[in-house]
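Working notes, beginning with the structure itself.
The values are calculated or read from the model by the stated rules, or taken from the named source; none is laboratory data. Treat the numbers as computed from the prediction; the structure is a model and nothing was measured. A quick note on method: Cβ atoms are made from the backbone with ideal geometry, for glycine too, and the neighbour counts reach across all protein chains shown. Each accessible area value is taken on the protein alone, full model and side chains, heavy atoms only, with ligands, DNA and RNA left out. Shrake-Rupley method; radii C 1.70, N 1.55, O 1.52, S 1.80 Å.
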Amino acid sequence: MLVALVGGCAKSPSDKAPQQQDKEPYRIGAVVDISGGAASLGEPERDTLKMLVDDLNAKGGINGHPVELTILDNKSLETEAVLAAKRLIDQNKVLAVLGCSASGTSLAMIDTVQKANVPMISMAASAKIVEPVKDRYWVFKTAQSDIVVANKIAKYLAAKGIKDVAFLSMNNAFGDSGRVNFEKAAPANGLNIVLAEKFEATDKDMTSQLAKVKASKAQATVVWAIPPSAAIITKNFRDLGLDMPLIQTHGIGNKAFLDLAGDAANGVIAPMGKLVVAEQLPDSDPQKAALLAYISSYEKKFNARPSTFGGHAHDAFNLAVKAIGEAGPDRQKIRDALEQTTGFVGISGVFNLSAQDHNGLGEDSMVMVEIKDGQWKLLE
């Protein structure tokens, strides 16, 4: 299991800011899908977390307390995610756990953090991570819930006069949750799901599923997946010459999808967090300044543009830091502070958390985009 310990103990006493000299470090843990199938999500999250904790400690930490951030790699495996969460709680005595990158690994950790009474902030999409709220007392998340994404897609298709839709999804927690929520959003917006097919995250070809789409009366295809599957099915879609809109989700919001799909990505439409089109937003957008600042810092540090997934980590870390700053080193008070967070301008949206909503993001946190010439273009 990969471990990265950042901040706090990494410096000698003489290197610390004066206000940090005699204050105990605050410990935060992160469980990230750095390797394995969800690595394209986890890698930018790891890099973002490292950047943020370095910057925070250089400015004096949280109320003068240096922050020790331990990042563990769950290898995109649910069992590893549980072991990592237990290690952070039992051995590192962290005040909060950030993670995971994917829905399945995030869901796997919930029982552990709930029993230990430790706040958890997931960076994944499934609404099940925070719902029902009465069973997710200690759990929050920063990625837009799949019901928000499903509603955004359904409304877009309805506005285009499309009625009949094919739905293809990964056979995992992310895909299953997306299917459940799209099945709610579709009829509410006058859409008919004329075909529903699944594929495995490890599949190298989805031609058989797409052949059924071609033979159906579908007017558009919705795909719920992340890379590399999302890129493979996009290539298969183009190879079969399907002449209809291809709609995907915020699961493709990174450079890995663009690189893997290549020219086949052009024309793909998806609801996205605003980061991918930050420069195209009007100056009146409440997130624009924060988005541009994150892009600038990340590009300076890593010579690459950050992804929406890095943005989810950015929000998770800063929400935790804000709550710890208000509550001090008390897990219960940190949880309460998280739940009372309103008007927090993040990368994924403006967060308004409450006892009824542990995600706090609405449809206004997303925009519809189209890929043109390998670039994200704002549609609205």
Checklist entry - What number of residues in region 238-251 are modelled with pLDDT of 95 or more, open to solvent by less than 30 Å² (accessible area, probe 1.4 Å) and part of a helix (DSSP H, G or I)? => result 0
Checklist entry - Does region 86-96 include one or more residues that are surrounded by 24 or more Cβ atoms within 10 Å (Cβ to Cβ) and either closer than 21 Å to residue 172 by Cβ or free of Cβ contacts under 8 Å to residues at least 12 places away in the same chain (or both)? => result no
Item to check | Residue in region 220-233 that is more than 25 Å from the chain's Cα centre (by Cα) and of a type outside the set (Ser, Thr, Tyr) present | outcome: yes
Checklist outcome for this item: A careful count of residues in region 293-317 that are open to solvent by 70 Å² or more (accessible area, probe 1.4 Å), touching an Asp or Glu at 6+ places or on another chain (Cβ under 9 Å) and polar (S, T, N, Q) gives 0
Checklist entry - Going through region 288-317 one residue at a time, which ones are polar (S, T, N, Q) and touching a helix residue (DSSP H, G or I) at 6+ places or on another chain (Cβ under 7 Å)? => result 297, 307, 308
Next on the checklist: Go through region 23-67 and report how many residues are closer than 28 Å to residue 104 by Cβ and among the acidic types (Asp, Glu).
Outcome noted: 4
Checklist outcome for this item: A careful count of residues in region 119-128 that are surrounded by 24 or more Cβ atoms within 10 Å (Cβ to Cβ) and either part of a loop (DSSP other than H, G, I, E, B) or among the basic types (Lys, Arg) (or both) gives 5
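Tell me the residue from 345, 321 that is open to solvent by 60 Å² or more (accessible area, probe 1.4 Å) and of a type in the set (Val, Ile, Thr), please.
On the way: 321 fails: open to solvent by 60 Å² or more (accessible area, probe 1.4 Å).
After applying the criteria, what remains is 345.
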Checklist entry - Is there any pair with a first residue in region 179-194 that is touching a residue at least 24 places away in the same chain (Cβ under 8 Å) and a second that is assigned to a loop (DSSP other than H, G, I, E, B) and open to solvent by 40 Å² or more (accessible area, probe 1.4 Å) whose Cβ atoms are under 8 Å apart and which are 6 or more apart or on different chains, and what are they? => result 190/163; 191/163; 192/163; 194/217
Checklist entry - All but one of (1) within 22 Å of residue 102 (Cβ to Cβ); (2) open to solvent by less than 10 Å² (accessible area, probe 1.4 Å) hold for residue 210; which doesn't? => result (1)
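Restricting region 74-102 to residues that are among the polar types (S, T, N, Q) and in contact with a Gly (Cβ under 9 Å, 6 or more places away or on another chain), which is nearest to residue 47 (Cα to Cα)?
Of all residues in region 74-102, those among the polar types (S, T, N, Q) come to 74, 76, 79, 91-92, 101.
Those still in the list that are in contact with a Gly (Cβ under 9 Å, 6 or more places away or on another chain) too: 74, 76, 92, 101.
Values: 74: 16, 76: 17, 92: 21, 101: 13 Å.
For region 74-102, the residue satisfying everything is 101.
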Next on the checklist: Condition first: modelled with pLDDT of 95 or more, in a loop (DSSP other than H, G, I, E, B) and either over 22 Å from residue 340 (Cα atoms) or not aromatic (Phe, Trp, Tyr) (or both). Can you find one or more residues in region 145-153 that meet it?
Outcome noted: no
Checklist entry - Are any residues in region 155-183 open to solvent by less than 10 Å² (accessible area, probe 1.4 Å) and either assigned to a helix (DSSP H, G or I) or β-branched (Val, Ile, Thr) (or both), and if so, which ones? => result 157, 165, 175, 177, 178, 182
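Considering only residues of region 217-237 that are among the polar types (S, T, N, Q) and more than 21 Å from residue 180 (Cα to Cα), which is surrounded by the most Cβ atoms within 10 Å (Cβ to Cβ)?
This residue is 234.
Pick out the one residue from 364, 263 that is within 23 Å of residue 153 (Cα to Cα), open to solvent by 20 Å² or more (accessible area, probe 1.4 Å) and in contact with a helix residue (DSSP H, G or I) (Cβ under 9 Å, 6 or more places away or on another chain).
Numbers: 364 fails: in contact with a helix residue (DSSP H, G or I) (Cβ under 9 Å, 6 or more places away or on another chain).
Going through 364, 263 in turn, the sole match is 263.
Quick check on residue 358: is it modelled with pLDDT of 95 or more, open to solvent by less than 60 Å² (accessible area, probe 1.4 Å) and closer than 19 Å to residue 50 by Cβ?
Details: modelled with pLDDT of 95 or more: yes; open to solvent by less than 60 Å² (accessible area, probe 1.4 Å): yes; closer than 19 Å to residue 50 by Cβ: no.
So residue 358 fails the test.
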Checklist entry - If you check residue 326 against the conditions, is it assigned to a helix (DSSP H, G or I), open to solvent by 50 Å² or more (accessible area, probe 1.4 Å) and within 30 Å of residue 232 (Cβ to Cβ)? => result no
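Name every residue in region 268-287 that is open to solvent by 30 Å² or more (accessible area, probe 1.4 Å) and under 21 Å from residue 149 (Cβ atoms), in order of residue number. Talk me through it step by step, then tell me what you get.
Quick first cut of region 268-287, residues open to solvent by 30 Å² or more (accessible area, probe 1.4 Å) only: 279-280, 282-284, 286.
Correct list: 280, 286.
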